[in-house]
Amino acid sequence: MDVRAAVAFEAGRALEIERVQLEGPRAGEVLVEVKATGLCHTDKYTLSGADPEGLFPAILGHEGAGVVVEVGAGVQHLRPGDHVIPLYTPECRECKSCLSRKTNLCTAIRSTQGKGLMPDGTSRFSFKGQPIHHYMGCSTFANYTVLPEIALAKIRPDAPFDKVCYIGCGVTTGIGAVLFTAKVEPGSTVVVFGLGGIGLNVIQGAKMVGADRIIGVDINPAREAMARQFGMTDFVNPRDLGPNGDVVGHLVELTGGGADYTFECVGNPTLMRQALECAHRGWGVSTIIGVAAAGQEISTRPFQLVTGRRWIGSAFGGARGRTDVPKIVDWYMENRINIDDLITHKLPLERINEGFDMMERGESIRTVVEF
Ligand code: NAD
Ligand code: AHE
Ligand code: ZN
């Protein structure tokens, strides 16, 4: 079938709206009509060319919601008409990782997914007879896409697509990192570096679990108001500390010796180090969420770890998609989490590049494209 898609033809080039061809679902696969998709910083990162797994041409997008149109042979848990959220972290419930109960990083299809292909090693998308890569197993910047059944969470039918698409990445990543990865306790002191689409959800999660103090750090002063609305108690703009400002020293002083939990939500190794080093001596846990470009590395004095700080990371908030995503949709529908205020802009597919421009200029939190 012909579908409408924003195609990334090469790194650093704006997306181009084209009619591309999509093959129907093969065994174990599902054809989904994408109704809405969010724009995440990770899409921008891959488009920039800094992602070692970035392949071109590709159809990017991994924060979607839609409706099942057709199922391939052997699909057991989904049927046409079901409402779904695509999962870049699938949940097969059979691989070593799923069975371990120690991680959400299902390995069933990770290797083909990283090559921009379906599990059978081929692509369903093509343009002028040439294959186009899938992206993060989702490719939600198209009005139809094909995914493996294990990469779809079935959600309640009354949830609005233009809001719950954000649960496909940002909401779950931020809230999940607090609840599932770091397991922040009530009364904790939390520092969040980066108050964008992810960091604001970390703040929302920290408030949910009853953190006492939630300190936000961002170089964009416009982020302060929204962060306070979501539960931030203190704002630090590193630029206000001057060119040689001691961000770590300032945060350690502000927290009376260091934070119980810190989160890096930018993708900057310098900030990752600061986030670790402002965690409390003896027990502070620092969670890396931000994705840093190819070739970048983190460093600190080993003494920081010897003296009891722990450095951990979180992908998709540690959430098991098919199990946890429907629950997070329920939280939204029960008004236990706020998504609406974080979706600052909506655009038609034709204007998707404007969404990335606004992200670059720090004007938007989340832009949602509605098909
Ligand atoms: P975003 O662009 O919405 O937000 C980034 C924020 O960081 C902005 O508010 C910006 O002003 C701030 N910032 C930039 N430089 C800074 C600095 N030097 N000091 C302080 N603040 C600074 O991006 P997002 O969508 O929130 O994504 C954030 C990061 O999380 C990206 O690296 C993204 O790739 C990553 N991410 C990771 C996962 C995961 O599963 N681990 C999931 C989604 C996104
Ligand atoms: N290909 C990238 C990896 C980027 C990355 O870390 N992705 C996160 C999700 S970001 C969503 O916005 C993730 O889930 N990683 C686990 C995985 O298996 O990819 C790179 O830099 O190499
Ligand atoms: Zn994302």
Only one residue in 200, 241, 251 is more than 21 Å from the chain's Cα centre (by Cα) and buried (at least 24 other Cβ atoms within 10 Å of the Cβ), so which one is that? 251
Which residue pairs have Cβ atoms closer than 7 Å, lie 6 or more positions apart in sequence or on different chains, and pair a first residue in segment 151-170 that is within 24 Å of residue 93 (Cβ to Cβ) with a second residue that is away from ligand 1 (no atom under 16 Å from the Cβ) and basic (Lys, Arg)? 153/322
Strands (runs of 3 or more DSSP E) wholly in segment 220-334 with at least 3 residues that are within 20 Å of residue 196 (Cβ to Cβ) and either modelled with pLDDT of 95 or more or of a type in the set (Phe, Trp, Tyr) (or both) - which ones? 234-236, 261-264, 285-288
If I ask for residues that are in a loop (DSSP other than H, G, I, E, B), under 20 Å from the mean Cα position of the chain (by Cα) and not aliphatic (A, V, I, L, M), which ones from segment 73-101 would you list? 88, 89, 90, 91, 92
Check off (1) assigned to a loop (DSSP other than H, G, I, E, B); (2) closer than 11 Å to residue 39 by Cβ for residue 352 and give me the number that stays unchecked. (1)
Checked against (1) touching a residue at least 40 places away in the same chain (Cβ under 8 Å); (2) within 16 Å of ligand 2 (Cβ to nearest atom), residue 97 satisfies every condition except (1)
Determine, yes or no, whether residue 312 is surrounded by fewer than 14 Cβ atoms within 10 Å (Cβ to Cβ), of a type in the set (A, V, I, L, M) and not assigned by TED's automatic domain parsing to the domain that holds residue 33. yes
What pairs come up if the first residue lies in segment 316-338 and is assigned by TED's automatic domain parsing to the domain that holds residue 176 and closer than 23 Å to residue 264 by Cα, the second is more than 16 Å from ligand 3 (Cβ to nearest atom) and among the basic types (Lys, Arg), and their beta carbons are under 6 Å apart, counting only those six or more places apart or on different chains? none
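The values are calculated or read from the model by the stated rules, or taken from the named source; none is laboratory data. Please read these numbers as outputs of a predicted model, since none were measured by experiment. No Cβ is skipped: glycine too gets one built from the backbone with ideal geometry, and neighbour counts run over all protein chains shown.
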